[in-house]
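S.K.: Have a look at the structure that comes next, please.
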Amino acid sequence: MTPFDLTGKKAFVTGASRGIGQAIAVALAHAGADVALVARSEDGLAATAKQAAEAGREAFVIPADVTRQEAAEAAVAAAIDRLGHVDIVVNNAGGSNFAVPFLDLLLAVVRRTRAGRSPFAPDKMHLHHRLLEIGNSHTKAVLLMWFWAALLGFGGVAASFSSGPVMVLAIVAGLALLSLLTLRSPRPRSPL
């Protein structure tokens, strides 16, 4: 007997080729759900599908890199086509750059703790709030944070492949340009 019954339910699970995603997909199948399994690794998906089938459920393998929007949309369409509908969605896929959000979280915990407050107390001192406060639009604030995440992510990967002076110069130039764009006073907006 399972702790809960999902008989007749349809589940869409990303990152289902291994680890937590695989365990969730198999558990859903054991609880009675048919599953659409999504990940980049077809071999891992095949192993997960086999385990779900052993539980007596239908399992559809959909190889896709859901970090790309068009691939994610195609995977959802394929799942609905094969399952008929989706009742349960488990977004377990990895692959995002977490450097800037992690830094923002770390700074928030330090800032709140130093002020004698709980690290979980809300405030408006996150990076995006600060960018908005100095006059940036929402779009520019989001773009700046994306560019910082890209520079940290791609810069770190690129530096691991090459440590020559050209790479160091490119990373320093990127840091300087983004610092200038981030700290530069935005143009005042005209009233509507």
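Throughout, read-outs are computed from the coordinates displayed, never taken from laboratory work. This is a predicted model, so every value here is computed, not measured. Positions of Cβ are generated from backbone atoms using ideal geometry, with glycine treated the same way; all protein chains shown enter the neighbour counts.
S.K.: Quick one: angle between helix 69-83 and the longest Cα principal axis of the chain, in degrees between 0 and 90, rounded to 10, please.
M.R.: On a 0 to 90 degree scale, this one is about 20.
S.K.: Here's something else I'd like to know. If you project the alpha carbons of the chain onto the principal axes, what extent comes out on each, in Å, largest first?
M.R.: Over the chain, Cα extents along the principal axes are 61, 44, 41 Å.
S.K.: Quick one: compute the contact order of region 99-183, relative version, from alpha carbon pairs under 8 angstrom and 6+ residues apart, as a percent.
M.R.: On the way: 38 pairs, mean separation 22.4, N = 85.
Rounded, it is 26 percent for region 99-183.
S.K.: In what sequence, highest mean first, do 53-66, 124-137 appear when ranked by Cβ atoms within 10 angstrom? Show your work: numbers first, answer last.
M.R.: Working: 53-66: 18.1, 124-137: 14.4.
Averaged packing, sorted descending, gives the order 53-66, 124-137.
S.K.: Find the relative contact order for region 45-163 and round it to a whole percent, using C-alpha pairs within less than 8 Å whose residues are 6+ positions apart.
M.R.: Values: 60 pairs, mean separation 19.2, N = 119.
Dividing the mean separation by the residue count of region 45-163 yields 16 percent.
S.K.: Residue farthest toward the positive end of the dipole of region 10-90, with Cβ of Lys/Arg at +1 and Asp/Glu at -1: which of Leu83, Ile24, Val38?
M.R.: Ile24
S.K.: FRET efficiency for Leu143 and Ala46, Cβ-Cβ distance as r, R0 = 45 Å, nearest 0.05? Provide the component values of the computation, followed by the final result.
M.R.: Working: r = 40 Å, r/R0 = 0.88.
Efficiency at R0 = 45 Å is approximately 0.70.
S.K.: Please give the FRET efficiency for Leu175 paired with His129, using the beta carbon to beta carbon distance and R0 = 30 Å, rounded to the nearest 0.05. Working shown, then result.
M.R.: Values: r = 22 Å, r/R0 = 0.75.
It comes to 0.85.
S.K.: Hey, another quick one. How much length is gained if the chain between Val110 and Glu54 is pulled fully straight, taking 0.36 nm per residue apart and subtracting their Cα-Cα distance, in nm to one decimal? Before the final figure, lay out the partial values.
M.R.: Working: separation 56, 0.36 × 56 = 20.16 nm, distance 4.88 nm.
Computed gain between Val110 and Glu54 is 15.3 nm.
S.K.: Further, regarding this structure: Rounded to the nearest 20 debye, what is the charge dipole size of the chain about its Cα centre when +1 sits on each Lys and Arg Cβ and -1 on each Asp and Glu Cβ?
M.R.: Working: 18 positive and 14 negative charges, 225 e Å.
Computed about the Cα centre, the dipole is about 1080 debye.
S.K.: Of the options Leu107, Ala141, Ser118, report the single residue whose Cα projects farthest towards the positive end of the charge dipole of region 99-183 (beta-carbon charges: Lys, Arg +1; Asp, Glu -1).
M.R.: In region 99-183, that residue is Ser118.
S.K.: I would also like to ask the following. At 1.306 mPa s and 10 °C, plugging the Kirkwood radius over alpha-carbon pairs of region 99-183 into Stokes-Einstein gives what diffusion coefficient in µm²/s? Write out the running numbers ahead of the final one.
M.R.: Numbers: Rh = 14.4 Å.
Calculated translational D: 110 µm²/s.
S.K.: For Lys124, list the lysines whose Cα falls under 21 Å from its own Cα; do not include residues on the same chain fewer than 8 positions away.
M.R.: Lys140
S.K.: Go through Pro63, Leu127, Ala52 and say which Cα lies farthest out towards the positive end of the charge dipole of the chain; charges sit on Cβ, +1 for Lys and Arg, -1 for Asp and Glu.
M.R.: Leu127
S.K.: Another question about this same structure. Give the cross-link partners of Lys10 among the lysines, using a straight C-alpha distance below 29 Å as the criterion and excluding same-chain residues fewer than 8 apart.
M.R.: Qualifying lysines at Cα under 29 Å: Lys50.
S.K.: Quick one: order Ile24, Ile88 by neighbouring beta-carbon count within 10 Å, fewest to most.
M.R.: Working: Ile24 20, Ile88 16.
Ascending number of Cβ neighbours within 10 Å: Ile88, Ile24.
S.K.: Can you sort His85, His30 so the residue with the fewest Cβ neighbours within 10 Å comes first? Working shown, then result.
M.R.: Values: His85 8, His30 17.
In order of increasing Cβ crowding within 10 Å: His85, His30.
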